[in-house]
Amino acid sequence: MDSFALIIFGITGNLAQIKLIPVLYDMEEKGLLPDGVIIVGIARREMTGRQLQNYVSEVLRLENIHHKHPIKEDVFKKLCERFKYLSGEIQDEKLYARLTSEISHKNRIYYLATYPELYHYIFENLQKHKLNFQNSGWVRLMIEKPIGHDLKSARELNNLLLKYFSEDQIYRLDHYLGKETIQNILTFRFSNDIFEPLINKDYIDHIQITASEDFGIGRRGGYYDQVGALRDVGQNHQLQMLSFATMDAPSEFSNEAVTAQRIKILRSLQPLLQKTIFGQYEGYRKEENVDPNSNIDTFYALKTFINSNRFQDVPVYIRAGKKLKQYVTEISIVFKNPVNRLLKHLDWGEEPNVLIYRIQPNEGIVLKILTKKPGHEVKLQPEYMQYCYRIDPHSHYIPDPYERLLIDTIRGDQTFFNDAEEVEAQWAFIDPLAKRRGKPHLYKPDSWGPKEADELIEDDGRKWLEPSMDFCRI
Ligand code: BG6
């Protein structure tokens, strides 16, 4: 792997603390950072080298659901040796003059872990100092959601990015695309030929996608109250899940071919204004940095269709929210029951087969089937045929999505990143729904959201599947 400089704008921000610094530690521990790699952290506050080390040490010891393991002193030391720190105002041109003198590396990754309002100062100043030029090396830019807050602003941001970088330099990161369990959907579907013939309207009754969290917004009120659930996780993570589960086989495993198929799904989604429900958990308005009269959604549920021959009339139900009953993210492909099923008169006899991609927790791919209950009579019971990461002896280790995506950026592989068109296709679907958001329905913490979300699916004679914890248990 080439050596490079990683320049993080916003090293003291939330993203750097929760994701980037812990992931860099993990990469150091696994020997994934080549010799000569340096990390330049940029932020406003003054810090000496010693203070920076203390800061990194504190961050690594923070309570972090995604990064839970002891910190080894030798790894920490090695990581700290790579760190340089530049304090200054992002608007200030002098900062970039100092940056130029700090990095002699031809290969550079700029990571924007700061406020979108500051992006244009960064780009202009990089340009002034020719820091975005690719001479004999490569220059790449990593940028996270939000890519705009609607279609118009996403287009504006994409245009701004393209003024300073070419599309093949821009790595728009949606960390769900870096999740091992989501990437595995493609392998599962396109390397096991027995399932793919079933993934269509002839066999599928409907699709459900659930991303529920059993915690609230924490200290992110300032951000969350401007955005809401639909735009926070619906526009990006959940639409990605849907496109992985339903896209046609790409002609080859390349960035262009895979991205093109994802975009095809996104463009064929039908926004159904009357079939989108918004909710807010009781007590949300009292959260830190939240408007006491806020009408922002902390929950949403929607129904849509994929306008294609393959999925004609197959409804897709998507829901996500905070402070719900369970922490679980999954895609369920619910199959149709043939009318002539042999034992349909028995208890459980009409239970449908369900293919479950369990993204988290208890990661795995599971097929819900009916089996005969052992004994002298014919009785049925639902069971799971399962591939489980946590109990597969060959794959205990699931890399953090940020680690996966950083490695891909270093390698120059954009397959699991969004391009401008993809982000705009997501917004084109979400925009009309987000814009008609009215007063949300209140729901009790620890529930499955407002009753209107149940009615959304029950009106069609179906119900939300209660995510099971009976499979892939450690
Ligand atoms: C982020 C959202 O993009 O994704 C958060 O801003 C959400 O609100 C998070 O909690 C979910 O990611 P994960 O990896 O924890 O499922």
Which of the chymotrypsin sites (Phe, Trp or Tyr not before Pro) across region 152-254 are loop residues per DSSP, with 13 or fewer other Cβ within 10 Å?
F215, F253
Amide H neighbours of Q360 at under 5 Å, excluding residues fewer than 5 places away on the same chain, with H built from the backbone geometry, are T329
Span per principal axis, largest first, for the Cα atoms of region 354-474 (Å)
61, 45, 26
Taking neighbour counts of Cβ atoms within 10 Å as a proxy for exposure, in what order, fewest first, do T304, T298, T210 appear?
T304, T210, T298
What list do you get for K68, K322 if you sort them by fewest beta carbons within 10 Å?
K68, K322
Distance in Å, no decimals, from the C-alpha centre of region 395-420 to the one of region 249-309 is 22 Å
What FRET efficiency do you get for N200 and D74 if R0 is 60 Å and r is their Cβ-Cβ distance, rounded to the nearest 0.05?
0.65
Region 70-155 -> Rg/Rh from Cα coords, Kirkwood Rh, value 1.04
What per residue convex hull volume, in Å³, comes out for region 1-143 when only alpha-carbon positions are used?
107 Å³
For every helix of n ≥ 4 consecutive DSSP H residues, a contribution of -39,500 (n - 2.57) applies; sum these over the chain, divide by its total residues, and give [θ] at 222 nm rounded to the nearest 500 deg cm²/dmol.
-9000 deg cm²/dmol
List the residues, sorted by chain then number, that are 5 or more residues from I204 or on another chain and whose placed amide H is less than 5 Å from its amide H.
K336
Treating each Cα of region 111-221 as an identical point scatterer and ignoring solvent, apply the Debye formula and state log10 I(q)/I(0) at q = 0.09, 0.14 Å⁻¹.
-0.43, -0.84
Of V75, I143, S153, which is farthest on the positive side of the dipole of region 51-159, counting Cα position, with +1 on Lys and Arg Cβ, -1 on Asp and Glu Cβ, and the Cα centre as origin?
V75
Using the Karplus equation 6.51 cos²θ - 1.76 cosθ + 1.60 (θ = phi - 60°), what ³J(HN,Hα) coupling, rounded to whole Hz, does each residue of region 352-358 give in order, writing x for Gly and Pro?
x, 6, 9, 9, 10, 9, 8
Stokes-Einstein diffusion coefficient for region 193-302 at 4 °C in a medium of 1.567 mPa s, Rh from the Kirkwood formula over Cα pairs: what value in µm²/s?
79 µm²/s
Using alpha-carbon pairs under 8 Å, 6+ residues apart, how would you state the relative contact order of the chain in percent?
17 percent
Placing one equal point scatterer on each C-alpha of the chain and summing with Debye, one gets log10 I(q)/I(0) at q = 0.06, 0.07, 0.12 Å⁻¹ equal to -0.29, -0.39, -1.14
Between the DSSP loop rule and a limit of at most 15 other Cβ atoms within 10 Å, which trypsin sites (Lys or Arg not before Pro) in region 1-44 are left?
K30, R44
Between region 427-474 and region 78-153, how many Å separate their Cα centres?
39 Å
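Can you put M469, M241 in order, fewest other beta carbons within 10 Å first? Before the final figure, lay out the partial values.
Numbers: M469 12, M241 27.
Result, fewest neighbours first: M469, M241.
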How big is the dipole moment of region 361-474 about its Cα centre under a simple scheme where the beta carbon of each Lys and Arg is +1, that of each Asp and Glu is -1, and everything else is neutral? Debye, nearest 20, please.
540 debye
Treat every Asp and Glu Cβ in region 153-192 as -1 and every Lys and Arg Cβ as +1, leave all other atoms uncharged, and give the resulting dipole magnitude about the Cα centre to the nearest 20 debye.
80 debye
Within the chain, what percent of beta bridges assigned by DSSP are antiparallel, to the nearest 5?
55 percent
When only DSSP loop residues count, what chymotrypsin sites (Phe, Trp or Tyr not before Pro) in region 17-117 have their Cβ near at most 10 other Cβ atoms within 10 Å?
none
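Only the coordinates and a few stated rules stand behind these numbers; no lab work does. From a predicted model like this one, the values you see are computed outputs, not experimental measurements. Positions of Cβ are backbone-derived with ideal geometry, glycine not excepted, and every protein chain shown enters the neighbour counts.
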